[in-house]
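K.L.:
Supplied in structure tokens, the structure appears directly below.
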Amino acid sequence: MWIPPNHPRRESLLIRERLVEGFKRGLVVPEGLIAHGRGECFDYLIGESTQPFALKAIEAAVAALLLAKHPVISVNGNTAALVPREVVELAREVNAKIEVNLFHRTREREEAIAKWLREHGADEVLGVGEDASATIPELFSERRRVSPRGILVADVVLVPLEDGDRTEALRKMGKIVIAIDLNPLSRTARAATITIVDNIVRAVPLMVAKAREMKKCSRSSLEEILRNYDNNQVLQEALRHILNRLKELSESKLTLS
Ligand code: PTJ
């Protein structure tokens, strides 16, 4: 679809088109389009830019990934459609495995997403077909099926665009869970160890840049960043930001003339 270069909502429309394209390619499910709409609404409230609370979470997330023994990036349909190259770059920078994990799991989608990621530079993609032979205890959705070489043994898992159940189950297994979710009130956001309240299209490239920079840090300084991180405070800051923004807007002239 052609979007005029001067369209005031151009960026947002281009992101939408990437998802529609992903849907046509069989990467994204219709429910993924609905999930994106929910995300867009929260992005509007946040101001469609990365805020200090997200930067704080990104720093802690990168510290956790760099300190991890077995870091894994979990990829679903929306993530594959929106940031395939960036996911591969991040995995390379922090030495993480990439695993396909789907709520609406079909063999066709697993394979389509893995192929798409390989086309964007991934050497290995776990969680496809028989490789997803292990199960996460106490989880009944299709998300329970994981790779014994990936999420099952991971100590740190990045779960962009998640539905809450699995985050809670992974936490119960003792893993550090990093979520990227525009909704600071979602169960995922509240259950994760570290929540990046930002759009994945902005957050993942920032994580790549941060990983390149922080790779030079000592283990003790990375551990210190993690020790000082407080996810509850970050979620409170996200809500306070929305609150203040809406207050300011509600006292300003809103009509366009
Ligand atoms: O590909 P599958 O089969 O694994 O399915 C993926 C979806 C997204 C359909 C599935 O995980 C799902 O139903 O997710 P939810 O429960 O709708 O949650 C998605 C969350 O992601 C919501 O809290 C949205 O606000 C948030 N979100 C949507 N788009 C973005 C986002 N967060 C960050 N960046 C976005 N672009």
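K.L.:
Considering all alpha-carbon pairs of the chain, what whole percent are spaced by more than 36 angstrom?
P.N.:
For the chain, the share of Cα pairs beyond 36 Å comes to 11 percent.
K.L.:
Work out the charge dipole of the chain with +1 on the Cβ of Lys and Arg and -1 on the Cβ of Asp and Glu about the Cα centre, then indicate which of Ile178, Ala60, Leu102 is farthest towards its positive end.
P.N.:
Selected residue: Ala60.
K.L.:
Still on this structure: State, as an integer percentage, the relative contact order of the chain based on alpha-carbon contacts under 8 Å between residues 6 or more apart. Show your work: numbers first, answer last.
P.N.:
Working: 429 pairs, mean separation 57.4, N = 257.
22 percent.
K.L.:
What order do you get for 205-211, 121-127, 247-253, 96-102 when each peptide is scored by the mean count of other beta carbon atoms within 10 Å, highest first? All intermediate terms of the calculation are to be shown ahead of the outcome.
P.N.:
Details: 205-211: 20.9, 121-127: 18.7, 247-253: 8.7, 96-102: 24.9.
Per-residue Cβ counts within 10 Å, averaged per peptide and sorted highest first, yield 96-102, 205-211, 121-127, 247-253.
K.L.:
Moving on to the next point. With +1 on the Cβ of every Lys and Arg and -1 on the Cβ of every Asp and Glu, and nothing else charged, how large is the dipole of the stretch 140-200 about its Cα centre, in debye rounded to the nearest 20?
P.N.:
Approximately 280 debye in magnitude.
K.L.:
For the stretch 11-160, just the Cα atoms, rotate onto the principal axes and tell me the three extents in Å, largest first.
P.N.:
If we take the Cα atoms of the stretch 11-160, the spans are 40, 36, 33 Å.
K.L.:
Still on this structure, please answer the following. Quick one: work out the % antiparallel among DSSP beta bridges in the chain, nearest 5.
P.N.:
10 percent
K.L.:
Separate question: Determine, for each peptide in 217-223, 14-20, the mean count of other beta carbons within 10 angstrom over its residues, then list the peptides with the highest first. Working shown, then result.
P.N.:
Values: 217-223: 12.1, 14-20: 16.0.
So the order, starting with the most tightly packed, is 14-20, 217-223.
K.L.:
If you roll a 1.4 Å probe over the chain with all protein chains in place, what percent of the accessible area is carbon or sulfur?
P.N.:
Answer for the chain: carbon and sulfur cover 54 percent of the accessible area.
K.L.:
Here's something else I'd like to know. How much mean residue ellipticity at 222 nm does the chain get from its helices, if each DSSP H run of length 4 or more adds -39500 (n - 2.57) and you divide by all residues, to the nearest 500 deg cm²/dmol?
P.N.:
Result for the chain, helices only: -16500 deg cm²/dmol.
K.L.:
Checking the a/c ratio against 1.5 first, then a/b against b/c, what shape does the Cα gyration tensor give for the stretch 199-251? Numbers along the way, then the final one.
P.N.:
Values: a/c = 3.98, a/b = 1.85, b/c = 2.15.
The shape class here is oblate.
K.L.:
Hey, another quick one. What relative contact order, as a whole-number percentage, does the stretch 98-202 give when Cα pairs under 8 Å and 6 or more residues apart are counted?
P.N.:
Relative contact order here is 19 percent.
K.L.:
Using the per-residue mean of other Cβ atoms lying within 10 Å as a proxy for protection, in what order, highest first, do the peptides 184-190, 225-231 fall?
P.N.:
Answer by packing, highest mean first, reads 184-190, 225-231.
K.L.:
Could you give the accessible area per residue of the chain, probe 1.4 Å, as a whole number in Å²?
P.N.:
50 Å²
The values are calculated or read from the model by the stated rules, or taken from the named source; none is laboratory data. Everything quoted here is computed from the prediction, not taken from an experiment. Methodologically, a virtual Cβ is constructed for each residue, glycine included, from the backbone with ideal geometry; neighbour enumeration extends over all protein chains shown. Surface areas here come from the heavy atoms of the whole protein model, side chains and all, with no ligands, DNA or RNA. Shrake-Rupley method; radii C 1.70, N 1.55, O 1.52, S 1.80 Å.
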